[in-house]
Amino acid sequence: MKDTRVFIQTYGCRMNACDTEIICAILRNAGFSLVHDSENADVAILNCCSVREDGHIVALDKALKLKQFNRSIKTVLCGCFAKLVDSGFLRSNTNIDAVVTPESYREMPGTLSRLVAGDIGFIVSNEISDDLYQEILPIEYLNIPNRALILGKGCNQKCAYCIEPYTRGAERYVNLDTVMANLDVLFHRHEGGIVTLVGHMVDRYMCAGVNFAMLLREVAKECERHNAWVKYLSSHPMTYSDEVLSAVSDCDNVMRVVHLPVQSGSNEVLNRMRRGYTVEQYLETIGRVRAICPDMNIVTDIMVGFCGETDSDFRQSVELIEQFRPGEVNVYAFSMRSNTYAHRAYVDDVTEDIKRERMQIAFETASRIRREYMQSELGIRQKFMSGAMSETNGRDFTNIYNRTYSQRPGTRDCGENLIVEGRLGLENNLFTVDI
């Protein structure tokens with residue numbers, strides 16, 4: 001299969017991006033060629049998230065366009081959305097030639113070989129596997145300014161709207177020795193940069209007597225030896241502990257950004273969502289964060305249009321972000337997912353027009369707060385990490401990122417990401433910048 005060229009497109013969260021890196025490593029080790037241009041590919045892999053309904057719609061549209069451009073190209077749908085499909089899906093979506101579930105990525109080379117040989121219309125699903133692929137390291141196929149290490153997969157929270165516990169399974173984690181061994185391999189490739197620890201709720205990490213705060217300190221210590229920064233995502237408002245905050249505060253190379261989704265400013269909606277906290281408890285967590293780490297960039301999510309959300313409920317969400325003023329707010333509309341508690345117990349009774357209207361109001365509020373947050377950083381001297389260098393119209397540019405920077409595929413950036421003309425030396429170097 002050395003002559004088979006593979007293109008991969010990722011639709012979804014950071015975990016999906018990690019899956020893409022795992023797939024790329026498996027395929028490269030098996031002798032496949034990875035390309036970044038679908039026009040030159042023999043096989044296109046579409047890695048699709050299950051959280052939002054529009055994710056797989058975009059992926060299916062991409063498959064249609066790929067087939068229109070090149071009828072001979074083979075297409076594979078994978079990612080957590082693959083857990084939701086059956087043979088009927090393939091019969092009704094003929095632009096998808098095969099489906100591979102997250103537990104079956106080690107079967108990807110054989111899957112592509114079958115496709116190239118002319119076998120289409122099948123699903124590869126290893127239901128009994130609990131594979132975390134912990135020995136497989138990212139090859140940095142994606143243009144993301146950091147390297148990710150998966151701490152674990154799965155979620156036990158089972159919020160009413162979320163499909164992830166059903167597509168990713170129960171929580172399970174890799175041990176500290178494996179994490180440190182993988183770090184060693186990463187730093188043998190090159191020094192510096194940003195290392196991201198990824199899990200659905202990283203602060204719930206517990207493996208062989210080691211909790212997340214303990215692991216974070218060990219990882220930060222090793223990264224400091226190699227001139228690297230550390231970040232992590234995501235966290236939960238009720239498990240983000242003072243012990244973790246103290247580790248962040250004590251370790252200068254741990255980035256000052258945390259993703260703490262609130263989802264709603266209404267206690268009634270939070271209760272229906274089964275989030276496990278009230279607005280008052282969430283604000284208490286925010287208070288602890290700012291008391292221990294005053295420079296923390298807090299990123300949150302607001303979901304509009306959840307089942308039964310009234311105008312009053314929505315106003316409380318807007319008032320909440322006005323009150324605690326996060327550095328970034330990701331605003332999105334609720335979409336009903338099958339197999340979730342909401343699908344079984346509630347009715348999706350907020351119209352799409354109202355959802356769009358509320359999204360616009362929340363987005364405008366969040367954008368204004370974001371601008372004010374960025375204005376507050378003017379005149380401050382900060383450390384930045386240089387990232388990828390690029391060339392445009394014969395001119396060189398370098399991306400640099402500060403300690404509050406956060407990037408997730410499919411979202412806007414938060415924290416500071418500057419593009420500087422010229423080459424600032426090697427990638428993954430530290431610089432001091434006056435904002």
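The values are calculated or read from the model by the stated rules, or taken from the named source; none is laboratory data. Keep in mind that this is a model prediction, so the values were computed, not measured. All Cβ positions, even for glycine, are placed from backbone atoms using ideal geometry, and neighbour counts span all protein chains on display.
Could we say that G79 is surrounded by fewer than 22 Cβ atoms within 10 Å (Cβ to Cβ) and not assigned by TED's automatic domain parsing to the domain that holds H200 here? So G79 fails the test. Does T365 qualify as being part of a strand (DSSP E or B) and either exposed (fewer than 14 other Cβ atoms within 10 Å of the Cβ) or modelled with pLDDT of 95 or more (or both)? Spelling it out, it is not the case that T365 is part of a strand (DSSP E or B) and either exposed (fewer than 14 other Cβ atoms within 10 Å of the Cβ) or modelled with pLDDT of 95 or more (or both). Residue selection: A30 fails the criterion of being closer than 24 Å to D3 by Cα, crowded, with 20+ Cβ neighbours inside 10 Å and not β-branched (V, I, T).
Before we move on, is R356 charged (D, E, K, R) and outside any helix (DSSP H, G or I)? Against the criterion (charged (D, E, K, R) and outside any helix (DSSP H, G or I)), R356 does not qualify. Can you tell me which residue in the range 236-276 is surrounded by the fewest Cβ atoms within 10 Å (Cβ to Cβ), limited to those that are closer than 22 Å to S335 by Cα and of a type in the set (S, T, Y)? Checked the range 236-276; the qualifying residue surrounded by the fewest Cβ atoms within 10 Å (Cβ to Cβ) is S266.
With a cut-off of at least 3 residues that are closer than 25 Å to I150 by Cα and either of a type in the set (D, E) or more than 20 Å from the chain's Cα centre (by Cα) (or both), name the strands (runs of 3 or more DSSP E) lying wholly within the range 49-139. No strands (runs of 3 or more DSSP E) qualify here.
Yes/no per residue for (1) among the hydrophobic types (A, V, I, L, M, F, W, C); (2) assigned to a loop (DSSP other than H, G, I, E, B):
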residue	(1), (2)
T285	no, no
V289	yes, no
D295	no, yes
T300	no, no
E309	no, yes
S312	no, no
Q316	no, no
L320	yes, no
N330	no, no
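The residue list V210, V230 contains one member that is crowded, with 18+ Cβ neighbours inside 10 Å and under 23 Å from E171 (Cβ atoms), which is V230.
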